[in-house]
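Trainee: Pasting in a structure now, in structure tokens, and then I'll have a few things to ask.
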Amino acid sequence: MSATPARGPLVRVAAALALALIAGGALGSDWRSPPRSEGPETLPVRRLDGDPYVAVNDLARVLDATKFWRADLRRLVLRSGSHSFTLTEDNPFVILDDRTVWLPTPVRSLQGEFQVPAAMVDSLPADSLLPRLRYDPRRERVVVLPPSGGVGSPRIIVLSDVTRIVFPADQADEAVVFARARARFRIRFGGFFTGALPDSLPEDGLVRAIRPIPSAGGSAFEMVVAPEASGYRLIQNVALRRVTLELQRAANPELEPFADEGPPGPRPVRVIVIDPGHGGNDLGVIVGDAIEKDLTLQLAKFLKPELEHRLPAHVILTRDGDQSVSGDRRAEIANRSRADLVLSLHLDGFGDPRARGATGYCPPATVGAGTEGEGGRGPLPVVLLPWRDVASGHAVESRALAEAVLSAIELRGQGPTRLRERLSTSLLGVNAPGILLECATLTAPGDRDRVLQEEGLRDLAASIAEGVVAYQRNQ
């Protein structure tokens, strides 16, 4: 844990699925192609006389239901916990607990097995003990939703100076913006995307492109926002189950600003300094068997070969054993090696056990955010910084690095993630782009169990490395 003020908790469901692809770079040319990820379990849908049906045996399996057959009545009862569902052959009326529901087509029998109209799954009781099912007519399947439910097709509403993208979302409070550069604006939901993106976008709107990107246990979208957009706000309506992303042209102090962006093109990354936090008599956070100083060093040793494998860069550790290293010495190592970026690794701890996930700290973009003066009439005056604050001169690149790394962590289901613009003590005197990364929260049982396992630390190292590669490519 770093020497920074305490942060409040942020609670969201974090999944543990592994991804084969992390979309950390630019938006591809094929905006309509679906992301390559494992996704949720699905049930096949077949057509009978042109109508969609799902086999009752598949339905019983995912509902963990017992079947009771009445041959004389041609009736089948499925019982799952306290729920019962009564189906009768050639009858469009089904009894779901104490409700009678009319379906657009009757229950059918095919080779001795009941076939249930796919529309029935949307009428099943909303019960935390039952899996949540949703019929996806676009892909002809029934989706077994995660606990966070689903995300539907967005509507785009364009007014004179405002563009709204409205997503139906079962758990609206789980939506989060986790990258806010105009060229790669990213929003993530806990629920699985069962809708479809529009075939075209309004020419007079503030969204130029939108596509889905892979996300472990949820769904995420990356957008290109028009340069004339001044800011955004995220409106989470839990009661109506919808999330609205509002973009505005006119300046408004109530809006969230977009991130400053540096010049396009690959960034030079020849030397990377990894700074494992704490060491020696400075133990850091201790929770049970988890000791921060040991875990940050182990993570750094996993991260070093990951970076060297992915980038033609020389990777240096500020400590390679359990020794005390002063803050000035850490900065000296980074500066003498002429580091192109610095990663200060820490692990967090909170009094509230519900708090979990990762937090990135980068210097605030108060200087170094541009090269033009007001109205573009010339360069900004030279700003001379005290040596301890020189990291602020790299604020824009540091912000880009933080967003790239946190984005990779978020999309691999190792979040939730948060970004704070604050010059941490670990970056004092560091004359390079850098971030302090609280990689996980040791006081959260799930996070702690994950980083105490070698596989969990290696996966975390892979996520950080993917974020660094995305930062270097700057596509």
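Trainee: Note down all Cβ pairs under 7 Å where the first residue falls in segment 148-167 and is in a strand (DSSP E or B), the second is buried (at least 18 other Cβ atoms within 10 Å of the Cβ) and of a type in the set (K, R), and they're at least six residues apart or on different chains.
Mentor: G150/R134; I157/R164; V166/R242; F167/R242
Trainee: Scan segment 189-218 residue by residue and report those that are more than 18 Å from the chain's Cα centre (by Cα) and either crowded, with 20+ Cβ neighbours inside 10 Å or not hydrophobic (A, V, I, L, M, F, W, C) (or both).
Mentor: Of everything in segment 189-218, those that are more than 18 Å from the chain's Cα centre (by Cα) and either crowded, with 20+ Cβ neighbours inside 10 Å or not hydrophobic (A, V, I, L, M, F, W, C) (or both) turn out to be G195, P198, D199, S200, L201, P202, E203, D204, G205, L206, V207, R208.
Trainee: Further, regarding this structure: Is it the case, given these coordinates, that V151 is under 22 Å from E410 (Cβ atoms), under 15 Å from the mean Cα position of the chain (by Cα) and surrounded by fewer than 18 Cβ atoms within 10 Å (Cβ to Cβ)?
Mentor: Against the criterion (under 22 Å from E410 (Cβ atoms), under 15 Å from the mean Cα position of the chain (by Cα) and surrounded by fewer than 18 Cβ atoms within 10 Å (Cβ to Cβ)), V151 does not qualify.
Trainee: Could you list, in sequence order, all residues of segment 114-143 that are more than 17 Å from R61 (Cβ to Cβ) and among the small types (G, A, S)?
Mentor: A119, S123, A126, S128
Trainee: On to the next question. Is there any pair linking a residue in segment 171-199 that is closer than 24 Å to G262 by Cβ and at pLDDT 85 or above to one that is part of a loop (DSSP other than H, G, I, E, B) and acidic (D, E), with Cβ under 6 Å and at least six apart or on different chains, and which?
Mentor: A181/E261
Trainee: Within segment 256-277, can one find any residue that is more than 26 Å from the chain's Cα centre (by Cα) and surrounded by fewer than 16 Cβ atoms within 10 Å (Cβ to Cβ)?
Mentor: Scanning segment 256-277, I find at least one residue that is more than 26 Å from the chain's Cα centre (by Cα) and surrounded by fewer than 16 Cβ atoms within 10 Å (Cβ to Cβ), so the answer is yes.
Trainee: Against the condition aliphatic (A, V, I, L, M) and either at pLDDT 50 or above or assigned by TED's automatic domain parsing to the domain that holds R186 (or both), how does A365 come out, does it pass?
Mentor: In short, yes.
Trainee: So, in segment 87-109, how many residues would count as being within 15 Å of V54 (Cα to Cα) and within 42 Å of the chain's Cα centre (by Cα)?
Mentor: 9
Trainee: For segment 312-333: of the residues being assigned to a loop (DSSP other than H, G, I, E, B) and of a type in the set (V, I, T), which is surrounded by the fewest Cβ atoms within 10 Å (Cβ to Cβ)?
Mentor: Going through the qualifying residues, I end up with V325.
Trainee: May I ask you to list the residues in segment 282-306 that are without any contact (Cβ under 8 Å) to a residue 24 or more places away in the chain and part of a loop (DSSP other than H, G, I, E, B)?
Mentor: L283
Trainee: Taking segment 334-360 as the search range and keeping residues that are farther than 24 Å from R270 by Cβ and touching a Leu at 6+ places or on another chain (Cβ under 6 Å), which one is surrounded by the most Cβ atoms within 10 Å (Cβ to Cβ)?
Mentor: Here the residue is L347.
Trainee: For segment 154-177, give me each residue that is in contact with a strand residue (DSSP E or B) (Cβ under 7 Å, 6 or more places away or on another chain), surrounded by fewer than 21 Cβ atoms within 10 Å (Cβ to Cβ) and not charged (D, E, K, R).
Mentor: I156, I157, V162, V166, P168, V177
Trainee: While we're on this one: Residue check: is L103 among the aliphatic types (A, V, I, L, M), modelled with pLDDT under 90 and in contact with a helix residue (DSSP H, G or I) (Cβ under 7 Å, 6 or more places away or on another chain)?
Mentor: In short, no.
Trainee: Moving on to the next point. Which of (1) out of contact with any Pro (no Cβ under 7 Å at 6 or more places or on another chain); (2) farther than 15 Å from G349 by Cα; (3) buried (at least 24 other Cβ atoms within 10 Å of the Cβ) is the odd one out, the single condition L427 does not satisfy?
Mentor: (1)
The values are calculated or read from the model by the stated rules, or taken from the named source; none is laboratory data. The structure presented is a predicted model; accordingly, all values stated were derived computationally and were not measured. Note that each Cβ is placed from the backbone with ideal geometry, even for glycine, and that neighbours are counted across all protein chains shown.
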